[in-house]
Each structure stands twice: as structure tokens, then as C-alpha cells.
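We did not get these values from a lab; they are worked out from the coordinates using the rules stated. Not measured: the values here are computed from a predicted model. Reconstructed Cβ throughout: ideal geometry from the backbone, glycine too, with neighbour counts over all protein chains shown.
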Amino acid sequence: MSWLLVIEYEGSIWRPPSEARSLILQATVGCSHNACTFCVSYKQKKYKVRGVLGIRKDLESLDHHTRNRVKRVFLADGNALAMNTEDLNNVLDLLYSELPQLERVGTYGYAKDVRDKSVDDLKTMKKSGLGIIYLGLETGDDDLLRWSRKGVTTDENVEACLKIGNAEIPLSLTIILGLGGLENSDRHARLTAEALNKIDPEYIGALTLMIPPGTPLFEMTERNEFTPMDPFEILNELKKLVEQLHLSECVFRTNHASNYLPIGGTLNRDREKIIQVIESVLDMGDEKSLRPGYLRGL
Ligand code: SF4
């Protein structure tokens with residue numbers, strides 16, 4: 001869209017699939033954690049806050065017509081929620097005052113950012129127009145969280161998510177299929193389902209592990225210290241995960257470009273249908289029914 005050409009972004013920009021049509025603005029640059037072994041997104045960036053000054057500069061580069069069309073904004077980079085509450089509220093106020101059609105602002109969050117905020121802080125952000133938080137749960141398995149240097153425990157992840165829920169901000173969680181390899185697959189599926197059941201979020205997006213050059217995990221794979229799972233092993237893991245999910249009304253999707261099989265539905269309602277689709281693909285055992293490797297991406 002036109003703003004992609006106009007705004008001067010710092011480095012590569014990443015956003016959730018559901019924010020494809022949103023105006024992306026960098027409230028922060030990079031990720032304040034930046035240590036996960038599987039993540040290449042912000043390796044080249046040093047974390048900093050751009051805040052109101054940076055966002056104002058971006059908005060000034062948009063013409064009147066473009067500003068009047070924006071309905072959704074996604075605040076990049078990796079965890080704009082790390083900004084202090086006042087700064088983030090100022091950014092939200094600025095956006096809603098400058099973009100007359102704005103309906104929702106979303107951002108990535110990291111559990112430690114949420115830990116450092118009170119429920120009242122989060123409620124103020126919601127009141128200022130923060131409409132969704134995307135949080136990378138990745139797994140419910142503490143061993144895998146430690147191994148992938150996520151920097152948080154499952155309890156901390158769950159606590160952060162429940163806090164977001166208490167503030168009534170819609171929550172979208174991502175988990176990573178294949179994160180532990182085949183030997184840890186059953187445990188990863190079981191413990192991840194357990195954590196998700198405790199949180200009961202509005203949205204879950206399953207990604208499939210990608211191992212891009214530049215990540216510590218790539219080096220480990222090169223040294224044969226990690227063996228990625230094949231597409232059917234990944235689908236088996238997905239099936240085990242879905243079988244163990246007990247959620248009240250959650251949109252579950254595997255539409256991220258990293259996945260072999262894009263499926264979606266509302267859980268629990270569509271659980272049996274989703275499982276049947278996975279089983280039929282597993283029974284066929286034909287790689288042609290899956291997204292080819294060259295079309296997978298981050
Ligand atoms: S996965 Fe998230 S928390 Fe981890 S380094 Fe990447 S952006 Fe930061």
C-alpha cells in the first residue's frame with residue numbers, strides 16, 4: 001500500500017498475518033529481549049523507543065487522503081508493549097486524534113512487558129484504544145522455553161495472558177509446531193495445550209518452526225544438534241495439540257506462511273472437523289497436498 005513507500009522504516013518489518021492491511025508504525029525498533037534461538041526478526045537491530053516523536057514524524061509523511069483511510073494500525077517492532085504506560089498511551093492518543101477512521105491498534109507483547117504493568121495500566125491502554133495484543137507463547141514446556149532462550153517460564157506466560165484477559169484486551173497467542181523436534185513432540189503438544197486451556201484466549205495462531213540462517217538454531221542444526229521434524233510429523237503434533245485443547249470460543253488458525261497445511265476454525269466447536277481434515281491428509285500421506293517447502297516463509 002502507498003504508506004509502505006512513504007514511511008521510512010528502520011530495517012525489516014514483521015507483523016501478524018491478520019495485520020496485513022494495517023498501517024504499520026514503529027513505536028519501538030527491535031526487540032528488548034532479542035535472544036530466542038529460533039528468531040531472526042530483529043537480530044540486526046538495537047532496541048529503542050521511537051515513541052510519540054517517531055510516530056508523529058511517520059504520520060506527517062502521509063497525505064490527507066491516506067490518513068483518512070486508515071482503520072487499523074499495528075505498532076511494531078517486536079514488543080512495543082515494553083514502552084512505559086504513559087508513552088504508549090500518548091502514542092495511542094496521537095493515533096486516534098490524527099487518524100479519523102481508526103478503529104483498532106494492535107501490538108506484539110512479551111510476557112515480561114506485561115509483568116511490569118498493572119491491570120489498571122492495561123485497562124488504561126484499552127481505554128486509549130489498544131485493541132489487541134499478540135503474544136508469542138511458543139510452547140507450554142518449560143524445558144523448551146529454556147532451551148530456546150525465551151527468557152520466561154510457562155507460569156510467567158500464563159500469568160501475563162490472564163492479566164491481559166483481566167484488562168479485557170483481546171489476546172492472540174502464537175505457538176510453534178516442531179519447536180522441540182520429534183523426541184519432545186508429545187510433551188510439547190500436551191503441555192502447550194495445558195497452558196492454552198488455562199489462558200483460554202480469543203485467538204491462537206500455530207506457526208511451524210522455520211530455521212533461517214543467522215539464528216542460533218540454524219547453527220545447532222548445522223552441527224546436527226537439532227533435527228527438524230518432517231511435514232507429517234508436524235501434522236501429527238498439530239493433531240495431538242488440537243485433540244487436547246478445551247477452549248470456550250477461540251479462533252484457531254494455521255494460516256501463517258510457515259505452515260504446511262492452512263486450516264482454521266473455532267474451538268471447541270470445530271475441533272472434530274479440524275481433526276478430520278488433519279487425519280485425512282495424514283492418511284493420504286501425499287506431500288502434494290501440503291504447501292511446498294519453497295512457498296513456506298516467515
Ligand atoms: S521471538 Fe519475540 S521475544 Fe523472542 S527474540 Fe523474537 S521478537 Fe523477541
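Mind checking which helices (runs of 4 or more DSSP H) fall wholly inside the stretch 90-198 and carry at least 1 residues that are more than 15 Å from the ligand (Cβ to nearest atom)? Quick ask: steps written out before the conclusion?
Working: elements: 111-115, 119-128, 142-147, 154-166.
Hits in the stretch 90-198: 119-128, 142-147, 154-166.
When you go through Thr28, Thr85, Thr66 one by one, which is the residue that is more than 10 Å from the ligand (Cβ to nearest atom), polar (S, T, N, Q) and buried (at least 18 other Cβ atoms within 10 Å of the Cβ)? Don't jump to the end; show me each part of the working.
Values: Thr85 fails: buried (at least 18 other Cβ atoms within 10 Å of the Cβ); Thr66 fails: buried (at least 18 other Cβ atoms within 10 Å of the Cβ).
So the residue among Thr28, Thr85, Thr66 that is more than 10 Å from the ligand (Cβ to nearest atom), polar (S, T, N, Q) and buried (at least 18 other Cβ atoms within 10 Å of the Cβ) is Thr28.
Which is over 26 Å from Arg253 (Cα atoms) and assigned to a loop (DSSP other than H, G, I, E, B), of Gly11, Gly54?
Working: Gly54 fails: assigned to a loop (DSSP other than H, G, I, E, B).
So the residue among Gly11, Gly54 that is over 26 Å from Arg253 (Cα atoms) and assigned to a loop (DSSP other than H, G, I, E, B) is Gly11.
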